[in-house]
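Working notes for the structure below.
Bear in mind these aren't lab numbers, they're just calculated from the coordinates by the rules spelled out. Just so it is clear, the structure is predicted and the values come from calculations on it, not from any experiment. So basically every Cβ, Gly included, is an ideal-geometry build from the backbone, and we count neighbours across all protein chains shown.
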């Protein structure tokens with residue numbers, strides 16, 4: 001983990017809040033309001049980021065939401081990710097997070113390896129692997145379900161155990177796999193998601 005590089009990455013993302021389109025900020029403010037309601041009502045907020053295969057965007061969102069909460073000193077935030085199917089976290093996601101300054105460690109092998117993502121020496125690692133959204137590893141009730149892809153949004157019109165459901169789709173970097181643009185596009189998506197998660201939590205303490 002490169003603490004200085006991560007801090008610089010976050011500062012750059014914060015400086016780019018004005019690049020978020022107004023219509024996108026409307027969705028992000030909805031997520032901020034949901035987190036605020038949870039903190040005010042129960043003292044905590046659980047966020048479950050859902051994408052069809054739980055392999056790319058949902059992992060990035062889970063990680064950056066947790067990092068953003070820590071960055072803005074907002075405690076009792078717990079982030080999770082899941083899908084409608086089980087595949088594996090795409091290895092490029094770990095590489096992309098490493099380039100942002102986080103530390104990624106693979107804790108198991110096989111078809112669906114488990115990764116631990118560290119963002120601070122004194123904070124527990126974020127555990128990531130592909131799973132369905134209702135997997136026992138994830139929060140089971142009272143959470144905010146955040147749909148990070150249009151397919152999951154379509155196939156999961158109703159999640160009965162969620163407190164609230166928000167559609168926040170991101171463009172899939174998978175479209176650039178095995179092309180000359182792959183690395184650049186994964187970096188772009190990582191930065192987009194980091195910027196938006198930081199924006200969400202930056203607004204929590206504002207009047």
In region 97-106, which residues are touching a residue at least 12 places away in the same chain (Cβ under 8 Å) and either touching a strand residue (DSSP E or B) at 6+ places or on another chain (Cβ under 8 Å) or outside any loop (DSSP other than H, G, I, E, B) (or both)?
-> 97, 99, 102, 103, 104, 105, 106
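Among the helices (runs of 4 or more DSSP H) lying completely within region 1-96, list those that include at least 2 residues that are in contact (Cβ under 8 Å) with a residue 60 or more places away in the chain and farther than 17 Å from residue 146 by Cβ. Outline the logic, then answer.
Working: elements: 3-15, 22-42, 57-71.
By residue number, 3-15.
Answer yes or no as to whether residue 124 is assigned to a loop (DSSP other than H, G, I, E, B), free of Cβ contacts under 8 Å to residues at least 40 places away in the same chain, under 24 Å from residue 177 (Cβ atoms) and more than 15 Å from the chain's Cα centre (by Cα).
Here the answer is no, as residue 124 does not meet what is asked.
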Conditions (1) in a strand (DSSP E or B); (2) without any contact (Cβ under 8 Å) to a residue 60 or more places away in the chain: number failed by residue 110 | (1)
State all residues of region 160-207 that are over 13 Å from residue 24 (Cα atoms) and in contact with a strand residue (DSSP E or B) (Cβ under 7 Å, 6 or more places away or on another chain); if no residue qualifies, say none.
-> 162, 163, 164, 165
Count of residues meeting criterion [over 18 Å from residue 46 (Cα atoms) and either touching a strand residue (DSSP E or B) at 6+ places or on another chain (Cβ under 9 Å) or assigned to a strand (DSSP E or B) (or both)] in region 131-152 | 3
